[in-house]
Amino acid sequence: MQKVNGKSIFKGIAIGRILYYSKEQQQVKRLRVENTEAEVARYEAAREAAVKQLGELYDKALAEVGEMNAQVFEVHQMMLEDEDYNDSIYNIIRQQEVNAEYAVATTADNFSDMFANMDDEYFKARAIDIKDISERVVTILQGKSTGSDIGDEPVIIVAEDLAPSETVQMDKTKLLSFVTRLGSSNSHTAILARTMNIPALIGVEIDEAWDGKMAIVDGYTGTLYLEPDDELIEEMKKKLQEDIEKRELLQTLKGKENVTKSGRAIKLYANIGNVSDLASVLQNDASGIGLFRSEFLYLESKDYPTEDEQFLAYKQVAETLAGKKVIIRTLDIGADKQVDYFNMEHEDNPAMGYRAIRICLSQPEIFKTQLRAIFRASAYGNIAVMYPMIISVEEVKQIKQIVEEVKKELDDAGIKYGDVEQGIMIETPAAVMISDLLAEEVDFFSIGTNDLTQYTLAIDRQNAKLDTFYNSHHEAVLRMIKLVVDNAHVANIWAGICGELGADTSLTDTFLDMGVDELSVSPNMILPIRKVIREHE
Ligand code: PEP
Ligand code: MG
């Protein structure tokens with residue numbers, strides 16, 4: 001038995017086999033083959049396996065993110081059946097007498113170059129798809145597991161690092177735990193682990209040789225046990241059972257109000273990143289959604305999600321919540337949330353760069369598409385919208401102007417929409433310091449403590465080395481929260497917290513004393529926080 005330590009980002013126990021997830025660049029060698037027909041057959045088997053995988057991905061995406069988002073996998077299946085694509089591979093194998101991997105990779109390069117050089121935007125975008133399907137086939141030919149396909153058995157994912165775009169593609173029902181060498185406790189992958197209720201460790205000196213080994217992740221002590229003995233497995237199974245019982249005890253709080261002993265009602269909402277998180281919002285009895293990280297719709301797509309695709313997703317959330325508040329945060333791309341098709345230029349300092357509202361105000365056509373989808377969906381439920389990374393009153397005025405244009409377009413087209421409250425995220429020190437002025441312009445504030453802490457303490461939230469310095473209980477951050485709440489109340493608007501700090505039960509009493517009106521937390525934290533609120537004097 002081997003014991004390795006890391007930093008825990010979610011308390012819990014996971015017992016299972018390790019899947020070493022590697023995203024190293026594909027290495028394809030050109031090898032001469034004697035039997036070209038055997039190589040053709042090998043390619044055909046791999047192509048069939050790829051088509052089958054894509055079918056499974058389509059079903060999964062259909063269930064999790066709806067038909068519009070699932071369609072990309074159907075398109076990929078069709079591309080693998082394309083005659084020109086296949087003929088090119090057969091020709092290269094037969095004429096050059098080379099291995100299938102090389103023939104697929106060469107065809108991918110040729111075809112994607114051809115598409116990338118076309119004028120038509122649609123065909124240009126297909127270059128990425130060609131690369132994608134070809135990489136899938138090469139991975140199968142090399143006998144490796146494909147990136148997003150983590151197999152049929154539940155596994156503990158061990159990886160160097162995980163990008164949000166990778167984790168969103170993984171089958172959530174098969175994820176027991178994440179263990180990474182890089183990553184920080186405030187990265188979006190860490191947030192995902194908390195949302196999914198699974199233990200996760202960062203800062204672990206991982207080893208590829210662990211692949212396939214039995215392991216235990218103890219999120220209480222931050223320990224990973226490799227090849228644990230029977231005694232430890234028994235002990236951990238007991239701990240796991242205790243966790244389940246504790247959670248069951250919290251279930252008795254379901255249906256109860258979020259009211260302090262003195263009778264003050266608190267809005268207790270859930271944070272989600274995806275339509276598939278809705279089940280856990282309902283299970284945990286949230287009173288609404290305080291933060292729908294809409295950028296995950298963009299991260300899951302291979303191209304800009306269309307107005308209709310977004311409309312369907314927002315409508316589904318609004319209808320599922322049946323009249324309860326749903327606060328959709330407009331696209332917060334940039335920094336660690338990179339999307340290929342945005343073609344963002346390299347930035348030396350992306351956390352302070354071209355991100356979130358800055359993209360939306362610079363590329364209003366992208367912003368308007370999203371706003372139209374949000375406003376159209378508002379006819380089907382209680383939708384509010386909020387804007388990330390605000391630093392000035394001018395930005396808010398510009399946004400409101402764009403919103404008016406969108407509403408007019410909808411009016412002219414005879415499309416109905418509801419009464420949409422508009423709020424902003426307070427996640428920059430600038431927004432805190434002018435919160436009195438901003439409060440005059442909006443309906444509510446939602447404090448994003450993850451970024452607010454990063455920008456106040458000048459500590460990159462992604463940098464694992466700085467985790468010990470990243471003190472979200474810092475007096476500066478707490479004073480800022482108090483200032484924002486006070487300024488909101490002077491202007492008669494409400495103020496909440498949707499950053500991870502909002503779920504810190506050791507601070508719930510402090511926040512209630514400050515007058516915080518709303519807490520929006522990962523769904524699994526709703527009931528623990530409800531317990532503290534109800535016990536608050
Ligand atoms: C925050 O910054 O606190 C926040 C909620 O936004 P995100 O974590 O998505 O940046
Ligand atoms: Mg933020």
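What share of the DSSP beta bridges in the stretch 266-535 is antiparallel, in percent to the nearest 5? Before the final figure, lay out each step's value.
Values: 1 of 31 bridges.
Bridges in the stretch 266-535 that DSSP calls antiparallel: roughly 5 percent.
Between Asn349 and His474, what is the spin-label point distance in nm, taking each point 7 Å from the Cα along the Cα→C-beta axis?
1.5
Of the DSSP beta bridges with both residues in the chain, give the percent that are antiparallel, rounding to the nearest 5. Numbers along the way, then the final one.
Values: 19 of 61 bridges.
Of those bridges, close to 30 percent are antiparallel.
Can you work out the FRET efficiency for the pair Lys174 and Asp109, with r the C-beta to C-beta distance and R0 = 25 Å, to the nearest 0.05?
Rounded to the nearest 0.05, the efficiency is 0.15.
Can you pull out the GluC sites (Glu not before Pro) in the stretch 198-290 whose DSSP state is coil and whose Cβ has at most 10 other Cβ atoms within 10 Å? If you can, show how the numbers build up before the last one.
Details: sites: Glu205, Glu208, Glu231, Glu234, Glu235, Glu242, Glu245, Glu248, Glu257; in loops: Glu205, Glu257.
In loop regions of the stretch 198-290 (DSSP not H, G, I, E or B), the sparsely surrounded GluC sites (Glu not before Pro) are Glu205.
Provide Leu232, Leu249, Leu282 ordered by accessible surface of protein heavy atoms (probe 1.4 Å), highest first. All intermediate terms of the calculation are to be shown ahead of the outcome.
Numbers: Leu232 20, Leu249 120, Leu282 90 Å².
The most accessible residue leads, giving Leu249, Leu282, Leu232.
For the stretch 266-535, what are Rg and Dmax over the alpha carbons, in angstrom?
17.7, 55
With charges set only on the Cβ (+1 for Lys and Arg, -1 for Asp and Glu), what does the dipole of the stretch 266-535 come to about its Cα centre, in debye to the nearest 20?
Details: 25 positive and 42 negative charges, 112 e Å.
Computed charge dipole of the stretch 266-535: roughly 540 debye.
Can you find, among Ala209, Gly16, Ile244, the residue sitting farthest towards the positive end of the charge dipole of the chain, where Lys and Arg contribute +1 and Asp and Glu -1 at Cβ?
Ile244
Which entries of Lys29/Lys131; Lys52/Lys131; Lys7/Lys337; Lys3/Lys144; Lys368/Lys397; Lys256/Lys531 show an alpha-carbon separation above 21 angstrom in the structure shown?
Working: Lys29/Lys131 17 Å; Lys52/Lys131 18 Å; Lys7/Lys337 23 Å; Lys3/Lys144 27 Å; Lys368/Lys397 15 Å; Lys256/Lys531 10 Å.
As for pairs spanning more than 21 Å Cα to Cα, those are Lys7/Lys337; Lys3/Lys144.
Based on the Cβ-Cβ distance from Glu97 to Asp411, what FRET efficiency comes out when R0 is 56 Å, to the nearest 0.05? The partial results should precede the final answer.
On the way: r = 66 Å, r/R0 = 1.19.
Using R0 = 56 Å, I get an efficiency of 0.25.
With +1 on the Cβ of every Lys and Arg and -1 on the Cβ of every Asp and Glu, and nothing else charged, how large is the dipole of the chain about its Cα centre, in debye rounded to the nearest 20?
Working: 57 positive and 92 negative charges, 344 e Å.
Result for the chain is approximately 1660 debye, rounded to the nearest 20.
Got a number for the accessible area of Ile266? Probe 1.4 Å, square angstrom, nearest 10.
About 10 Å², ignoring ligands and nucleic acids.
Distance in nm between label sites at Ile244 and Asp509, each 7 Å beyond Cα in the beta-carbon direction?
Using points 7 Å along Cα→Cβ, the separation is 3.4 nm.
Counting pairs of alpha carbon atoms under 8 Å apart in space and at least six apart in sequence, what relative contact order in percent does the stretch 36-141 give?
On the way: 103 pairs, mean separation 32.2, N = 106.
Taking the mean separation of contacting Cα pairs over the length of the stretch 36-141, I get 30 percent.
Glu307 to Met78: FRET efficiency via 1/(1 + (r/R0)^6), r the Cβ-Cβ distance, R0 30 Å, to the nearest 0.05?
Working: r = 24 Å, r/R0 = 0.81.
After rounding, the FRET efficiency stands at 0.80.
Where does the chain land at 222 nm, in deg cm²/dmol rounded to the nearest 500, when only DSSP H runs of n ≥ 4 count, each adding -39500 (n - 2.57), divided by all residues?
Helix contribution divided over all residues of the chain: -14500 deg cm²/dmol.
I'd like the trypsin sites (Lys or Arg not before Pro) in the stretch 220-258 restricted to DSSP loop residues with at most 14 other Cβ atoms within 10 Å, sorted by number.
Values: sites: Lys237, Lys238, Lys239, Lys246, Arg247, Lys254, Lys256; in loops: Lys254, Lys256.
Sparse-neighbourhood loop trypsin sites (Lys or Arg not before Pro): Lys254, Lys256.
Please give the net charge around Asp230, taking every other residue with its beta carbon less than 14 angstrom from that of Asp230, where Lys and Arg add +1 and Asp and Glu add -1.
Details: positive: Lys237, Lys238; negative: Glu227, Asp229, Glu231, Glu234, Glu235.
That works out to -3.
Grab the alpha carbons of the stretch 36-141, take their convex hull, and tell me the volume per residue in Å³.
Details: hull volume 8.9 nm³, N = 106.
Dividing the Cα hull volume of the stretch 36-141 by its residues yields 84 Å³.
I want to make sure I understand the PRE zone here: with the label point 7 angstrom from the Cα of Val33 toward its beta carbon, which residues in the stretch 97-126 have backbone N atoms less than 19 Å away?
Under 19 Å, as judged by backbone N against the label point of Val33, lie 97-110 of the stretch 97-126.
Decide, for the chain, between rounded, prolate and oblate: order the square roots of the alpha carbon gyration tensor eigenvalues as a ≥ b ≥ c, take rounded if a/c falls under 1.5, and otherwise choose prolate if a/b is larger than b/c, else oblate.
Values: a/c = 2.04, a/b = 1.35, b/c = 1.51.
Oblate.
Would you kindly state how much longer the chain becomes between Asp211 and Arg17 on full extension, computed as 0.36 nm times their sequence separation minus their alpha carbon distance, in nm to one decimal?
Contour length minus the Cα-Cα distance gives 69.0 nm.
Would you mind computing, in nm to one decimal, how far apart the modelled labels at Glu56 and Leu226 are, each placed 7 Å from Cα along Cα→Cβ?
2.7
Using Cα pairs under 8 angstrom and six or more residues apart, how large is the relative contact order of the chain, in percent?
Details: 1004 pairs, mean separation 83.5, N = 537.
Once divided by the residue count of the chain, the mean separation gives 16 percent.
Which residues among the stretch 365-379 fall inside the zone where the amide N is under 18 Å from a point 7 Å beyond the Cα of Glu319, along Cα→Cβ?
Within reach of a label on Glu319: 373-379.
Hey, got a sec? Which GluC sites (Glu not before Pro) in the stretch 281-363 land in a DSSP loop and have at most 14 other Cβ atoms within 10 Å?
Details: sites: Glu295, Glu300, Glu307, Glu309, Glu319, Glu345, Glu347; in loops: Glu300, Glu345, Glu347.
Loop-located and lightly packed - Glu345, Glu347.
The values are calculated or read from the model by the stated rules, or taken from the named source; none is laboratory data. What you are looking at is a predicted structure, and each value in this text was computed from that prediction instead of being measured. No Cβ is skipped: glycine too gets one built from the backbone with ideal geometry, and neighbour counts run over all protein chains shown. SASA here: full protein model, heavy atoms, side chains in, ligands and nucleic acids out. Shrake-Rupley method; radii C 1.70, N 1.55, O 1.52, S 1.80 Å.
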